[in-house]
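What follows is one structure encoded as structure tokens, with my remarks underneath.
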Amino acid sequence: MSIRLVKAPISMAFSPLSQDSEAYLREFDKLGESDNDPINQWLKLARGKGDTSDTDPVLLNLLVELHRKIDSLERFLKNEEPQIVSLTNESEIESIGFEHFKMREDVFEEGVEYYGRVLMPIHPKRDIAVLFTAIDSSLAKITKLHERDEREWGAYLMARERVLIREAKESKA
């Protein structure tokens, strides 16, 4: 089995799924519903009616993200931060692939299923929920990601590949 991985400096918090599978699966679903916030519902409706056809999509996305930031600040000021499930381990991911990732250290038990949260270094920064199975003590296979998260994971992987290719070309010059 040949697994292609690309170096990627990402942090991850995780726990064995068996520790509290109900809470972990509930959070997995909740994090996947991040598309269902009020501003996104409004945007989907506006796009469906064709109200955004004359709008610059980049500018519209930036305004939506600005609105989310203001909502987040308001929740913080009111001390209404959403509660996240406590996870027992935190470690650094060394490299990623489309369906696999490798940790910097040996932190897994082979064959065990895990739930994890990965803070993706993308815009906007956010946690993605992932279910995975340990292949060995540092390598894991992703078993479940939400569709949007899967696209962002793949886009980040390709961006990392481009950076590494550019660095390799520069070092040869």
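For Leu66, work out the one condition from (1) without any contact (Cβ under 8 Å) to a residue 24 or more places away in the chain; (2) assigned to a helix (DSSP H, G or I); (3) more than 15 Å from Lys125 (Cβ to Cβ) it doesn't fulfil.
All conditions are met except number (3).
Can you list residue pairs whose Cβ atoms sit under 8 Å apart, with the first residue in region 150-173 being closer than 13 Å to Gly97 by Cβ and the second being at pLDDT 90 or above and among the basic types (Lys, Arg)? Count only pairs 6 or more apart in sequence or on different chains.
Pairs that qualify, where the first residue is closer than 13 Å to Gly97 by Cβ and the partner is at pLDDT 90 or above and among the basic types (Lys, Arg), are Arg160/Lys7.
Within region 100-122, count every residue that is of a type outside the set (Gly, Ala, Ser) and either under 11 Å from Thr133 (Cα atoms) or out of contact with any strand residue (DSSP E or B) (no Cβ under 8 Å at 6 or more places or on another chain) (or both).
11
Taking Ala8, is it part of a strand (DSSP E or B) and touching a helix residue (DSSP H, G or I) at 6+ places or on another chain (Cβ under 7 Å)?
Considered against the rule, which asks whether it is part of a strand (DSSP E or B) and touching a helix residue (DSSP H, G or I) at 6+ places or on another chain (Cβ under 7 Å), Ala8 comes out as yes.
Being among the charged types (D, E, K, R), in contact (Cβ under 8 Å) with a residue 60 or more places away in the chain and farther than 17 Å from Ser138 by Cβ narrows it down to one residue among Glu22, Glu80, Glu27; which is it?
Answer to the selection: Glu27.
Go through (1) under 29 Å from Leu164 (Cα atoms); (2) surrounded by 12 or more Cβ atoms within 10 Å (Cβ to Cβ) and name the single condition Ile84 misses.
The single condition Ile84 does not satisfy is (1).
Scan region 115-130 and tell me whether some residue there is farther than 25 Å from Ala159 by Cα, surrounded by fewer than 13 Cβ atoms within 10 Å (Cβ to Cβ) and among the charged types (D, E, K, R).
No, there is no match, as no residue in region 115-130 is farther than 25 Å from Ala159 by Cα, surrounded by fewer than 13 Cβ atoms within 10 Å (Cβ to Cβ) and among the charged types (D, E, K, R).
Against the definition (under 22 Å from Ser18 (Cα atoms) and surrounded by 11 or more Cβ atoms within 10 Å (Cβ to Cβ)), how does Phe108 come out, yes or no?
So Phe108 passes the test.
Return the pairs, sorted by first residue and then second, in which the second residue is part of a loop (DSSP other than H, G, I, E, B), the first residue lies in region 97-112 and is within 17 Å of Glu152 (Cβ to Cβ), the beta carbons are less than 7 Å apart, and the residues are 6+ apart or on different chains.
Gly97/Ile3; Gly97/Arg4; Gly97/Leu5; His100/Ile3; His100/Leu5
Do you know which residues across region 100-120 are modelled with pLDDT under 95 and touching a helix residue (DSSP H, G or I) at 6+ places or on another chain (Cβ under 7 Å)?
Met120
With the condition kept exactly as written, say whether any residue in region 22-43 is β-branched (Val, Ile, Thr), touching a Lys or Arg at 6+ places or on another chain (Cβ under 7 Å) and either in a helix (DSSP H, G or I) or over 20 Å from Ala155 (Cβ atoms) (or both). Step through it out loud before you land on a result.
The initial filter retains those residues of region 22-43 that are β-branched (Val, Ile, Thr), namely 39.
From what's left, touching a Lys or Arg at 6+ places or on another chain (Cβ under 7 Å): 39.
The next check asks that each one be either in a helix (DSSP H, G or I) or over 20 Å from Ala155 (Cβ atoms) (or both); those that pass are 39.
Scanning region 22-43, I find at least one residue that is β-branched (Val, Ile, Thr), touching a Lys or Arg at 6+ places or on another chain (Cβ under 7 Å) and either in a helix (DSSP H, G or I) or over 20 Å from Ala155 (Cβ atoms) (or both), so the answer is yes.
Could you tell me which residue of region 1-29 is surrounded by the fewest Cβ atoms within 10 Å (Cβ to Cβ), considering only residues that are farther than 10 Å from Gly116 by Cβ and of a type in the set (A, V, I, L, M, F, W, C)?
So, considering only residues that are farther than 10 Å from Gly116 by Cβ and of a type in the set (A, V, I, L, M, F, W, C), the one surrounded by the fewest Cβ atoms within 10 Å (Cβ to Cβ) is Met1.
Filter region 75-84 for residues that are part of a helix (DSSP H, G or I) and at pLDDT 85 or above and give the result.
Within region 75-84, Leu77 is the sole residue that qualifies.
The values are calculated or read from the model by the stated rules, or taken from the named source; none is laboratory data. Since we're looking at a predicted model, the values are computed, not measured. Reconstructed Cβ throughout: ideal geometry from the backbone, glycine too, with neighbour counts over all protein chains shown.
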